[in-house]
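Accompanying notes for the structure given below.
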Amino acid sequence: MSLMRRAMTVSAWTLASRVLGLVRDRLWAGSMGGSLALDAFLNAFALPNLLRNLFGEGALTSAFIPRYVQMKASDPSAAERFAGTVLSRLAMGLVVLSVIALSAAVVVVAAARGHLMTVGQMKIVMVMAMAIPQIPYCIFICCCAVLSGVLNGRRHFWAPAAAPVVLNLVMISTVWMTTDNEAWIMPLAVLVAGILQLVLLIWAVRRCGGMPPLAWRMTPAIKDLGLAILPSLVATGIYQLNACVDQFIAQLLISGTGAVSYLYFGNRLLQFPLALIGYGVTTVAYPEISRRASEGWGATGEGIRAAARLQAYWLLPAAVGLLATAEPVVRAIYQTGSFSAEGVERTVRVVQFLALSLVPISLSKLFVRAFHAHRDQRTPMRVSVAMVVLNLGLNLVLVTLPATKPLKESALALATALSSLVGCIAYLWLLRRRGAGSVLPLLGLVRPFMASVVMGMGVVTLLHLWPQAAGQAHARGLHHHPSVVAGLRLAAAVAVGMALYVPIAGLSWLRAQPSAGAIPTGPDSPGPSGTGDSLTM
């Protein structure tokens, strides 16, 4: 199965998940707006969501998959024992940590009962109370990450990509019970979703070669993985770590309410193309990059170029499109119920700044995987630590400077864009020094870049000729539904954008064969023994 087809498999399920996520967010925005209860839940969900992103899409899979794939090629039974040991030890360790965290959270909430509190103290207590049901979720979602790594190593991609759909469906099913005063059902829904996701992946693993045998004995491979996990956590979780830091800075340093919610809503719109294109391509390219890492950095560079070109071809128009259509996108998705005009304006600014970070964040995630394929966790860890420090420094400067303080939470989005660009440039330089060559084919992206510029100009012109107020005035029967009118404007903008981009950028490169040493993209590409593409949906 080709890289493109595998990427489309992951992207199709990711698209379903993201669409459901936007539905969920719209329902949240309509029922709770920028309320204190929603701010508290989102901060409480930040830790389990961070672990889901780090382990499910980052550290554990990036460190586990190369070792599992390379071991499977030489000794399949040893690879399965390795996977079973990782699963057993991770589950036991997380149970212990969860008991400690639950005890601490319960003590804090119990001690606060019956005491007068400031608004700041109330926020902290509400976050801790909403975190209590979500702490055990970390056990299930991290075990899901190991099983996802096993499935990806066996060239089975649909089930891991489909698992987030379960979370969104469960969360949507509870929104009708949720109001400002009844938001406590949401943390319980997160826990239920984690259990259901684990059940789905266990079923998929059993159908795809069977469950790895559970084991406990420490082996050199387990020690090696353990040493790689911490650097991988820092390196692959740079965006998630920065997003988590941004949320807490928004909670503590930005006056009023809604900063956390508006920042979250803007981040969710960035996550749509980031996951659909960036994560989809990186996920399916990584097992092959890992398998070819033994051939040297030259072969790795060829594989990265193929994936980077595929990413950039679709991410460039996505970034320009998100920047140009931020206003109708936000109105179409979030403007309902309690979501105010101020909320629309503030979220639009967040989206526009975050759109600038889409390409560098996605490419950086791919470049980090190249180092991990060579079992070099320290280099990307150093880069990521520097980026976290840079992002934190920019956050503190931009939210306190008189010139940028009125930007509020969008100043944090600007800091994300600047720090991610610096990080991407650093990875390009390091890969070139390692011998991977120029992994970003700039000449091959001239047409997509020019097409994106023309597309952006066309979309901006369309939206300028059809402003929101005029659209409401001329839309029969829809003047009381601005989100519907915005949806019509957005649909027209997407149609115009695609009509301009695809003919100018062209599609001939999709049929081009990669050079020797690149990732195999034909139907006869070899896979791990005992598996086949028939298992991939």
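Looking at Val351, is it of a type outside the set (S, T, N, Q), in a helix (DSSP H, G or I) and out of contact with any helix residue (DSSP H, G or I) (no Cβ under 6 Å at 6 or more places or on another chain)? It is false that Val351 is of a type outside the set (S, T, N, Q), in a helix (DSSP H, G or I) and out of contact with any helix residue (DSSP H, G or I) (no Cβ under 6 Å at 6 or more places or on another chain).
Going by the conditions given, is Phe371 assigned to a loop (DSSP other than H, G, I, E, B) and either in contact (Cβ under 8 Å) with a residue 12 or more places away in the chain or charged (D, E, K, R) (or both)? It is false that Phe371 is assigned to a loop (DSSP other than H, G, I, E, B) and either in contact (Cβ under 8 Å) with a residue 12 or more places away in the chain or charged (D, E, K, R) (or both).
Scanning the stretch 361-380 for residues that are open to solvent by 10 Å² or more (accessible area, probe 1.4 Å), under 20 Å from Gly278 (Cβ atoms) and not β-branched (Val, Ile, Thr) yields Ser364, Lys365, Arg369.
In this structure, Gly517 qualifies as within 30 Å of Arg155 (Cβ to Cβ), at pLDDT below 85 and either open to solvent by less than 30 Å² (accessible area, probe 1.4 Å) or charged (D, E, K, R) (or both). Pairs linking a residue in the stretch 275-299 that is over 13 Å from Arg154 (Cα atoms) to a residue that is assigned to a helix (DSSP H, G or I) and of a type in the set (Lys, Arg), with Cβ atoms under 7 Å and 6 or more positions apart or on different chains, are Ala275/Arg18; Leu276/Arg18; Gly278/Lys365; Thr282/Lys365; Thr282/Arg369; Ile289/Arg369; Trp297/Arg434; Ala299/Arg292.
For the stretch 281-298, state whether one or more residues are open to solvent by 30 Å² or more (accessible area, probe 1.4 Å) and modelled with pLDDT of 85 or more. Looking for residues that are open to solvent by 30 Å² or more (accessible area, probe 1.4 Å) and modelled with pLDDT of 85 or more, one finds at least one in the stretch 281-298, hence yes.
Leu274 satisfies every condition listed in (1) modelled with pLDDT of 80 or more; (2) more than 21 Å from Ser384 (Cα to Cα) except (2). Name the single residue that is modelled with the highest pLDDT among those in the stretch 311-349 being open to solvent by less than 10 Å² (accessible area, probe 1.4 Å) and more than 18 Å from Asn267 (Cβ to Cβ). If we take residues in the stretch 311-349 being open to solvent by less than 10 Å² (accessible area, probe 1.4 Å) and more than 18 Å from Asn267 (Cβ to Cβ), then Pro328 is modelled with the highest pLDDT.
If you go through the stretch 115-137 one residue at a time, do you hit one that is crowded, with 19+ Cβ neighbours inside 10 Å and modelled with pLDDT of 85 or more? Yes.
Annotation note: of Arg24, Arg52, the sole residue that is closer than 27 Å to Ala161 by Cα, modelled with pLDDT of 70 or more and assigned to a helix (DSSP H, G or I) is Arg24. Out of the residues in the stretch 158-198 that are among the aromatic types (Phe, Trp, Tyr) and outside any helix (DSSP H, G or I), which is modelled with the highest pLDDT? Out of the qualifying residues, it is Trp184. Checked against (1) at pLDDT below 85; (2) within 27 Å of Ala91 (Cβ to Cβ); (3) open to solvent by 10 Å² or more (accessible area, probe 1.4 Å); (4) in a helix (DSSP H, G or I), Gly209 meets all criteria but (4). So for the stretch 386-401 (the condition being at pLDDT below 90, in a loop (DSSP other than H, G, I, E, B) and surrounded by 23 or more Cβ atoms within 10 Å (Cβ to Cβ)), does at least one residue qualify? No: the stretch 386-401 contains no residue that is at pLDDT below 90, in a loop (DSSP other than H, G, I, E, B) and surrounded by 23 or more Cβ atoms within 10 Å (Cβ to Cβ). Within the stretch 253-271, if we keep just the residues that are β-branched (Val, Ile, Thr) and surrounded by fewer than 24 Cβ atoms within 10 Å (Cβ to Cβ), the residue that is modelled with the lowest pLDDT turns out to be Thr257. Considering Val399, Val383, Val344, Val348, the condition of being within 17 Å of Pro273 (Cα to Cα) and out of contact with any His (no Cβ under 9 Å at 6 or more places or on another chain) is satisfied by Val348 alone. For the stretch 250-308, the tally of residues that are more than 24 Å from the chain's Cα centre (by Cα), over 30 Å from Leu392 (Cα atoms) and hydrophobic (A, V, I, L, M, F, W, C) stands at 3.
Only one of the listed residues (Arg67, Arg6) is of a type outside the set (Phe, Trp, Tyr), in a helix (DSSP H, G or I) and either at pLDDT below 75 or under 18 Å from Asp246 (Cα atoms) (or both). That residue is Arg6.
Residue count for the stretch 69-114 under the criterion of being over 16 Å from Ala145 (Cα atoms), open to solvent by less than 30 Å² (accessible area, probe 1.4 Å) and either β-branched (Val, Ile, Thr) or in contact with a strand residue (DSSP E or B) (Cβ under 8 Å, 6 or more places away or on another chain) (or both): the result is 1.
The values are calculated or read from the model by the stated rules, or taken from the named source; none is laboratory data. For clarity, every value in this text was computed on a predicted model and none was experimentally measured. Cβ atoms come from the backbone with ideal geometry, glycine included; neighbour counts cover every protein chain shown. The protein model used for the area step is the full one, side chains on, heavy atoms only, and it has no ligands, DNA or RNA in it. Shrake-Rupley method; radii C 1.70, N 1.55, O 1.52, S 1.80 Å.
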